[in-house]
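A.B. asks: Supplied in structure tokens, the structure appears directly below.
The values are calculated or read from the model by the stated rules, or taken from the named source; none is laboratory data. Values in this document were obtained by computation on a predicted structure and should not be read as measured data. Cβ atoms come from the backbone with ideal geometry, glycine included; neighbour counts cover every protein chain shown. For accessibility, only protein heavy atoms count, side chains too; no ligands or nucleic acids. Shrake-Rupley method; radii C 1.70, N 1.55, O 1.52, S 1.80 Å.
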Amino acid sequence: MDIGTPVTLELLHTDHTSHELYKSKVVDIKGSYLFLSLPSGEKSGKTIFIHEGTPFNLRFVGKDQSVYMFETSMIAKKKFKIPVLIFH
């Protein structure tokens, strides 16, 4: 995964069902932390508000054209030149 890689965030509900998809991209990578641009709804295009600890499945297409997915959660918000969300 590189800076600029588009990612899809799939919101996980408490019963681990998921239906809501959001698009974002990698802004920075530091150690095991991903800094993502604010996600927008895949259908609505609207930016969403996310609370710390909100669980997601994160998907991206690797350089080998394989789809990778892992479960993560948003751990913090930070403002660089643009607002970003931090995932571990």
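A.B. asks: Suppose R0 equals 22 Å. What FRET efficiency, 1/(1 + (r/R0)^6) with r the Cβ-Cβ distance, do residue 42 and residue 73 give to the nearest 0.05?
C.D. replies: On the way: r = 19 Å, r/R0 = 0.88.
Using R0 = 22 Å, I get an efficiency of 0.70.
A.B. asks: Okay, moving on. Order of 43-54, 74-85, 28-39 by packing, highest average Cβ count within 10 Å first? Mind dumping the intermediate values first?
C.D. replies: Working: 43-54: 11.0, 74-85: 13.1, 28-39: 14.7.
Peptide ranking by packing, descending: 28-39, 74-85, 43-54.
A.B. asks: Heavy-atom accessible area per residue, the chain, 1.4 Å probe: how many Å²?
C.D. replies: Working: 5660 Å² over 88 residues.
Result: 64 Å² per residue.
A.B. asks: Scan (i) 5.8; (ii) 9.0; (iii) 6.5 for the value of mean projected area of the Cα convex hull in nm² calculated from this model and give just the label.
C.D. replies: Entry (i).
A.B. asks: Short version: ³J(HN,Hα) in whole Hz for each residue of region 47-57, in order, from phi by Karplus 6.51 cos²θ - 1.76 cosθ + 1.60 (θ = phi - 60°), x for Gly and Pro, what are they?
C.D. replies: Each residue of region 47-57 in turn: 5, 10, 9, 10, 8, 4, x, 5, x, 9, 9 Hz.
A.B. asks: Starting from 0 in steps of 10 Å, tell me what percent of the Cα-Cα pairs of region 45-87 lands in each bin.
C.D. replies: 24, 42, 32, 3
A.B. asks: If R₀ is 22 angstrom, what is the calculated FRET efficiency for the pair residue 66 and residue 23, using the beta carbon separation as r and rounding to 0.05? If you can, show how the numbers build up before the last one.
C.D. replies: Details: r = 19 Å, r/R0 = 0.87.
Efficiency, from the Cβ-Cβ distance: 0.70.
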